[in-house]
Structure formats: C-alpha cells, structure tokens
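The values are calculated or read from the model by the stated rules, or taken from the named source; none is laboratory data. On a predicted model such as this, the values are computed, not experimentally measured, just so you know. Because the Cβ atoms are built from the backbone with ideal geometry, glycine has one as well, and the counts that use them run over all protein chains shown.
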Amino acid sequence: LVFPTARPFAQRHIKAGIYRKVDKTRLPNYGNLDPVIMKGLVDLDPGNEHVVPYMWGTTSIGYNAAKVNERLGADAPKDTWALMFDPKVASKLADCGISLIDDPTEVFSAALVYLGKDPNSTAKADLDAATALLESVRPYIRYFHSSQYINDLANGDLCVAHGYSGDILQARDRAVEANNGVEVVLTIPQEGAVAFVDVMAMPADAPHPENAHRLIDFLMGPEVIAKISNFVGYANAVPASLPLMDEEVRNNKGIFPPQEVLERLIAPAELDPAAQRARTRAWTRVKAGR
C-alpha cells in the first residue's frame with residue numbers, strides 16, 4: 001500500500017496504469033468517506049476506482065508569534081503571503097529566518113495567488129512575474145527545505161515558514177511539550193492556499209491485495225482515523241470521525257477551515273511537460289539567487 005499525494009503524483013500514476021483497482025465490496029467502511037472529497041478526486045480518478053482519500057490539508061504559513069509581533073507589531077496582518085513575498089515585510093523578518101518549501105509547484109502556486117493570478121497558469125508573463133517576485137525576496141530567505149522547518153519553528157530558530165499545515169501544528173505541539181516558551185501559529189493566507197489530499201493506493205503488482213484492502217478499511221474506521229488526525233494534525237476524509245477527535249483538533253480552523261476559507265483553497269493542476277520544465281528552470285534560478 002502506498003500513500004501518494006493525489007495531485008500530481010497519484011494523478012500521474014493512474015495514467016501510467018501502475019495502480020490496482022480498489023474492490024469496494026471488500027471495504028465495509030467505504031460508505032464513511034466524504035462525498036465532497038470523493039467528487040473532488042473524480043477528475044484524476046474517474047469512478048474513484050484506484051485511490052481512497054486518507055488525509056488532507058493545506059500548504060500555509062507557520063510563524064513564531066513573539067518574534068513576528070516584535071518585528072512587525074501585534075496589529076500587523078499575519079494571514080497573508082506578504083510575510084514572505086513583500087520585500088518590505090520580509091526584510092524585517094530576515095534576521096530571525098524565513099523558509100520556503102523546496103518545491104516549485106508549491107512556491108510558484110503561492111506566489112501567483114499572492115499576485116492575484118491563476119496559480120495553475122502556464123503563461124510566460126505570469127511565470128516571469130512570479131519569478132521576479134521570488135527573486136525580490138530571495139535575499140531574505142534563509143533556506144529551502146520541505147521538513148527542516150518543523151524543528152526550527154518548534155525550537156524558536158525560525159520566524160516564518162511556508163509549510164504543510166499538519167507539520168506546522170506538529171511544530172507547535174513540540175514547542176508546547178518542550179515548554180520552551182515558543183508559540184507557533186498556523187494561518188491560512190487570506191489570498192488563498194494550495195489544498196492537498198493524500199490518498200491510499202495499491203500498486204498493480206502488490207503481492208497481498210487482500211491485506212491491503214483490510215488495511216484501507218481499517219484506516220477508514222471513524223475511531224481509528226480520529227486518533228490519527230489527533231496525532232498528525234491533518235483533517236481526514238471520514239466525517240463521522242469529527243466528534244471523536246480531540247476538541248482542540250476538531251475546532252482548529254487551520255485543520256478544518258470555515259467555508260469562506262475553503263472557497264479560497266486551490267488544487268494544483270498537472271502542468272504539461274514544457275510548463276513544468278519552465279517552472280523548474282525558474283525555480284533553480286531563484287534558489288541560486290541569480
């Protein structure tokens with residue numbers, strides 16, 4: 001059993017024919033799944049035949065409340081990509097550290113949203129605008145990494161991180177457990193953010209499909225998936241699990257955003273090879289600082 005992110009990975013894998021179809025008759029808990037999430041996967045998995053949703057979240061912002069307030073003021077807006085994409089703001093936070101995920105799809109999507117453009121745009125003018133934006137704040141970015149920010153936020157070694165919602169909440173929890181006085185806050189930018197769904201799938205050559213089906217069904221049980229959401233800080237695809245979660249988790253708007261925030265979330269589209277290469281080349285230039 002594998003757990004890829006639906007877009008773009010499972011989307012590519014389904015087209016390549018590397019997954020076995022799910023036998024829904026072997027999944028008594030299949031009816032527990034959120035129909036809204038299932039509908040959102042139909043475009044990449046017609047008939048919901050190959051993948052089953054596991055967890056979902058957003059690529060958002062995590063920040064050190066004390067350090068950001070000290071540099072920007074307590075009343076300054078924090079729910080905005082301006083924290084890392086506005087040079088005037090980012091320059092004030094550079095000394096305590098800003099990090100970006102090392103992923104061109106994630107970062108360019110966020111930059112395009114901040115600019116008010118289509119995050120899935122393949123237009124050269126839009127890519128050039130996003131690249132120029134990122135280059136303008138490159139001097140203030142400490143590093144590009146997809147997991148290092150968890151410990152750095154928790155330890156107070158980073159001011160602002162572009163990261164996955166559950167990872168940011170794990171950083172918050174680690175700081176609380178360490179009792180180190182660091183307050184990590186998760187915020188979904190008002191301009192919009194990438195939403196992702198991690199799914200379960202069986203490789204076509206999986207040697208034990210019966211056991212894979214048993215595990216999928218086990219993980220769709222409300223009691224089981226509620227405990228997992230409590231631990232990892234991600235929302236799941238089983239609505240019946242919500243009342244079984246810790247109150248702190250089910251009431252956290254960073255995990256379960258209100259409707260007005262949900263409407264601003266975006267799903268990254270699969271770019272054609274030429275557009276993907278263009279983004280990758282631009283990303284390499286941004287990271288290199290030239």
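A compact table of results
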item	result
Members of segment 42-61 that are within 21 Å of the chain's Cα centre (by Cα), farther than 22 Å from I228 by Cα and not charged (D, E, K, R)	V42, L44, I61
Residue match in segment 132-149 (condition: at positive phi and either in the same structural domain as S109 (by TED's automatic domain parsing) or surrounded by 17 or more Cβ atoms within 10 Å (Cβ to Cβ) (or both))	no
Filtered residues of segment 175-204 (kept if part of a strand (DSSP E or B) and not aliphatic (A, V, I, L, M))	T187, F196, D198, P203
Given (1) out of contact with any Leu (no Cβ under 7 Å at 6 or more places or on another chain); (2) within 30 Å of M200 (Cα to Cα); (3) not in a helix (DSSP H, G or I), index of the condition T80 fails	(2)
Residue in segment 170-182 that is surrounded by the fewest Cβ atoms within 10 Å (Cβ to Cβ), counting only those that are under 23 Å from the mean Cα position of the chain (by Cα) and within 18 Å of V232 (Cα to Cα)	V176
Index of the failed condition, D102 passing every other in (1) assigned to a helix (DSSP H, G or I); (2) farther than 23 Å from R71 by Cβ	(1)
In segment 197-218, the residues that are surrounded by fewer than 20 Cβ atoms within 10 Å (Cβ to Cβ) and of a type in the set (A, V, I, L, M, F, W, C)	A204, A206, L215, F218
Residue satisfying condition, being in contact with a Pro (Cβ under 7 Å, 6 or more places away or on another chain) and not acidic (D, E), within set N64, N69, N48, N32	N32
Which listed residue is more than 18 Å from the chain's Cα centre (by Cα), free of Cβ contacts under 8 Å to residues at least 12 places away in the same chain and closer than 27 Å to D173 by Cβ, from N64, N69	N69
All helices (runs of 4 or more DSSP H) inside segment 1-73 with 3 or more residues being not assigned by TED's automatic domain parsing to the domain that holds L242 and not acidic (D, E)	65-72
Of all residues in segment 16-42 being β-branched (V, I, T) and more than 13 Å from A201 (Cα to Cα), the one that is surrounded by the most Cβ atoms within 10 Å (Cβ to Cβ)	I37
Subset of segment 264-287 [out of contact with any helix residue (DSSP H, G or I) (no Cβ under 8 Å at 6 or more places or on another chain), farther than 20 Å from G166 by Cα and in a loop (DSSP other than H, G, I, E, B)]	D272
Positions within segment 85-109 being under 26 Å from G73 (Cα atoms), surrounded by 23 or more Cβ atoms within 10 Å (Cβ to Cβ) and hydroxyl-bearing (S, T, Y), in sequence order	S99
From the options L127, L83, residue that is of a type outside the set (S, T, Y), under 16 Å from I188 (Cα atoms) and out of contact with any Asp or Glu (no Cβ under 9 Å at 6 or more places or on another chain)	L83
Cross-chain or 6+ apart pairs with Cβ under 6 Å, segment 217-236 first and within 12 Å of F256 (Cα to Cα) and at pLDDT 95 or above, then of a type in the set (F, W, Y) and not in a strand (DSSP E or B)	A235/F256
Residues (touching a residue at least 12 places away in the same chain (Cβ under 8 Å) and not in a helix (DSSP H, G or I)) located in segment 108-141	L115, G116, K117, P119, N120, T122, I141
